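Let me begin by presenting the structure, written as structure tokens, before commenting on it.
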Amino acid sequence: MARRTRMFLTFPGIVVVCLHLLGGSMETANEVDPYKILGVTKSASQAEIKKVYKRLVREWHPDKNKNEGAEDMFIKITKSYEILSNEEKRTNYDRYGQTDDTQPYGHGHYGHRHDHFYFDESFFHFPFNNKGNREFADSKYALHFNQYVNDVVPDSYKRPYLIKITSDWCFSCIHIEPVWKEVVLELEALGVGIGVVDVGYERRLANHLGAHRTPSILGVINGKVTFFHYAVVKEHLRQFVEDLLPQRLVEKVTDRNDFQFLNSWHEQNKPHVLLFDQVPVVPLLYKLTAFAYKDYVQFGYVDQGLSETANLLKQFNINTYAPTMLVFKESTDKPADIIQAKGMKKQIIDEFITNNKFLLVPRLVNQKLFDELCPVKQFHRRRKYCVLLITGDEESYTIGNQAFLTFASTNTLEVVRFAYVYQRLQQSLCDILLKTKDSTPPPPQVFILERRNPAGKVLYKEVAGGWNGTDEDKQRLLDELERLQKDPSILNYDAMLPELNNEFASMFLIRWIYTAYDYISEILDDILHNNWREMMPLLSLIFSALFILFGTVVVQAFSDSSEDGKSKPKAKEGTKTENGSPGSSSTSSRPPKKNFVEVTELTDITYTSNLVKLRPGHMNVVLVLTDATKNVLLSKFAKEVYSFTGSLTLHFSFLNVDKHSAWMETLLEFAQDAMQIDTEEDDCARHKIDYTGYVLALNGHKKYLCLFKPVYTGEEGGSSEEEGPGGATGGGKRSRSGSKDDHPPRRSTPRSRSTATLQIHHKLDRLGLWMERLMEGTLPRYYIPGWPGLDKITGPK
């Protein structure tokens, strides 16, 4: 009796301890009152609750309300509506006071079983933390990491998956369970994959999916994860699954576009399926079927309630009392198969589509289609033969191709499949079978193939006589097929076939655009719902790319500005000189960076970069020479300009006047002052001007030049061709009278002219002084309207 008394005394202690452990969560639950948050009474109807919810959502949405507590209030409003919009959750709250607060799975002490208490959990009627009595989804649809990677992800390219993330001691998981169970029963029957992840056992998979709270619901399609953000209601979940599917799966067909839709079988190389139904929207079952067979069949939907579809209903004699499905192959006037039923189930539709996945005579457009049409031989009793027509896509082959299709439509052998290839598009395959070595296209030919292994080995036989579509050709092919049934050894040739070209690879850009569109839509959806944790990798990638791009641009900009800053003093000095005030330059005192002078030839190739598109503030100093004087003048030129090579704004080139004399004359014609001087100097001696030893300082950006004329200093007191140091000629942008006043022409005698040609290397004696004046900006400038093209006026001497 004493022992029994101690047990009764201990039992209330157990109750007190358990209530103490759960007290924190119950207090938290009581703090959230959905009625108070929405501002409705407990007797409010669903219409009133929905109306208030919409108003409050617009008022407290974080994008519109920038107050500090707007986001928290918005979450409370959403959770309150989730509770009150569902009658079962609302009743549960009214009875037990439990809210739909989301429980993160960081509360480990709730999931720990205190075995030293030894109490019966069924006494408390807690529906969680009972491993033996889990809900049906926890056991039947439980997912593991390897199962998800190996099975779910590949299968998501054929059907979408709806996955629930749950955990023990999750009150919210209990609230959504009735809705989840109802949705699973409906969507699984339509072909949607279902999965449940318990974070207590599969935390790795939960982290891999990006699910960081329970409960969470997400969808997986084409290997991509999308989270569900709305209230857990049956209609919302159904719409969520429908939104996962691509938008262009099913085409709406009416009397206007029916011919275009059905007649595209040849271009797409697919059968076309039409579903006739009375509902205005495409049923979800039909969309899921279209997604599962998108690689094989093109789907269309006809709304029988529209007046624009009356001709289609009449043409195909459609019964409007039940959904009807028609499949069209090579014939657009008559369906190849038809199915009609009031309760059209997934199994019936799958069987119907599977039996009509291919055209009667499909074109081999890729290796995947070849593998399915002509599978590899596995057992002796499962031989499959492929009758292959090698033909062309020109109009001249149309009759033969149509005859091959007619012959295939009469085939009754299950082990024989018919196909064709265009020789132009599958050249490597055709060359092996036809054994052609020249480029001349052979006539159409029929082969009977049996594939022996996946590596490409085949046994084949060529049907003699070619294929023109005549009755004799059909009879020969029929005889060969009959012989094949009796004696498979007639396939007496073997070959290794290469992998087929993917003829639809050119559509990659279009598929990429569609994929990019879906991806951008997903990003916008994540931004709208502030799902920052899931978007963090993407945001990190975007900001990294922007940082790299911005850094590159900034570094380049600073690099350019530093070089322009160095050349800015020269530009200012040139401006002062032009206005009449002398300037000074320190550039000439800069020590040379190299122990040699880089001199490039000015040709039609280097003309644009070295002159026309020369950077602002830069000048190109060009020496004019001939083939005979090239070595002598270049050596003298390098000595005279070496002290100026430290300048970053000067470039040095030479022009061969033997090749480009016409360019030189055209350039000096533009500079009218210079031509005036030359003309006056040559009035007595009318002969062609010798430009050897001339030096041009060309500013490509501002379109002006400074001219140096050669001066002979070999004799004392000898007359020169130019007065003043360096032979600098008259100023630019001045009148001709001004030019004559500043530089009066001196008529040279024949003796001085002949003497100046004797010593070639003395022509550049005063070039150093001229270069100093060039750097100071005191030389006259000749402005021209534009640089003449070097390539257009070039001619041999």
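In the set (1) in a helix (DSSP H, G or I); (2) open to solvent by less than 30 Å² (accessible area, probe 1.4 Å); (3) touching a strand residue (DSSP E or B) at 6+ places or on another chain (Cβ under 8 Å), L288 fails one condition alone, (3). Picking from residues in the stretch 411-433 that are touching a residue at least 40 places away in the same chain (Cβ under 8 Å) and part of a loop (DSSP other than H, G, I, E, B), the one that is surrounded by the fewest Cβ atoms within 10 Å (Cβ to Cβ) is L413.
Please work out if V220 is more than 31 Å from the chain's Cα centre (by Cα) and surrounded by 14 or more Cβ atoms within 10 Å (Cβ to Cβ). The answer is no for V220.
If I go through the stretch 291-302 residue by residue, how many of them are part of a loop (DSSP other than H, G, I, E, B) and of a type in the set (F, W, Y)? So the answer is 2.
Mind listing whichever residues of the stretch 43-55 are more than 15 Å from A231 (Cα to Cα) and outside any loop (DSSP other than H, G, I, E, B)? Before the answer, list the steps.
Within the stretch 43-55, the first condition is being more than 15 Å from A231 (Cα to Cα), and the residues that meet it are 43-45, 47-48, 51-52, 55.
Correct list: A47, E48, K51, V52, R55.
As for the stretch 672-691, it holds no residue that is crowded, with 21+ Cβ neighbours inside 10 Å and either part of a loop (DSSP other than H, G, I, E, B) or at pLDDT 70 or above (or both).
Would you confirm whether or not the stretch 220-234 contains a residue that is small (G, A, S), outside any helix (DSSP H, G or I), in contact with a strand residue (DSSP E or B) (Cβ under 8 Å, 6 or more places away or on another chain) and farther than 27 Å from I77 by Cα?
Looking for residues that are small (G, A, S), outside any helix (DSSP H, G or I), in contact with a strand residue (DSSP E or B) (Cβ under 8 Å, 6 or more places away or on another chain) and farther than 27 Å from I77 by Cα, one finds none in the stretch 220-234, hence no.
Find the residue count for the stretch 245-270, including only residues that are outside any loop (DSSP other than H, G, I, E, B) and either at pLDDT 90 or above or at positive phi (or both). The number of residues fulfilling the criteria is 9. Which condition breaks for F276 when tested against (1) under 18 Å from L143 (Cβ atoms); (2) part of a strand (DSSP E or B)? Checking F276 against (1) under 18 Å from L143 (Cβ atoms); (2) part of a strand (DSSP E or B), the one that fails is (1).
Given the condition part of a helix (DSSP H, G or I) and hydroxyl-bearing (S, T, Y), answer yes or no: does some residue in the stretch 372-391 qualify? Please lay out each step first, then the result.
Initially, the stretch 372-391 is screened for residues part of a helix (DSSP H, G or I), giving 372-373, 380-382.
Subset that is hydroxyl-bearing (S, T, Y): none.
Among the residues of the stretch 372-391, not one is part of a helix (DSSP H, G or I) and hydroxyl-bearing (S, T, Y), which makes the answer no.
The selection criterion, being out of contact with any strand residue (DSSP E or B) (no Cβ under 8 Å at 6 or more places or on another chain) and at pLDDT 90 or above, holds for I399.
Listed here are the residues, each with its yes/no results for (1) closer than 30 Å to I348 by Cα; (2) open to solvent by less than 10 Å² (accessible area, probe 1.4 Å).
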site	(1), (2)
V199	no, yes
E202	no, no
N207	no, no
R213	no, no
R238	yes, no
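Of the set (1) in a helix (DSSP H, G or I); (2) small (G, A, S); (3) more than 24 Å from K384 (Cβ to Cβ), all apply to A408 but (3).
Out of the residues in the stretch 582-640 that are buried (at least 19 other Cβ atoms within 10 Å of the Cβ) and among the small types (G, A, S), state the one that is modelled with the lowest pLDDT. Taking the candidates together, the pick is S585.
The values are calculated or read from the model by the stated rules, or taken from the named source; none is laboratory data. Note that the structure is predicted; figures quoted are calculated from it, not measured. Reconstructed Cβ throughout: ideal geometry from the backbone, glycine too, with neighbour counts over all protein chains shown. Surface accessibility is based on the protein's heavy atoms, side chains included, excluding ligands, DNA and RNA. Shrake-Rupley method; radii C 1.70, N 1.55, O 1.52, S 1.80 Å.
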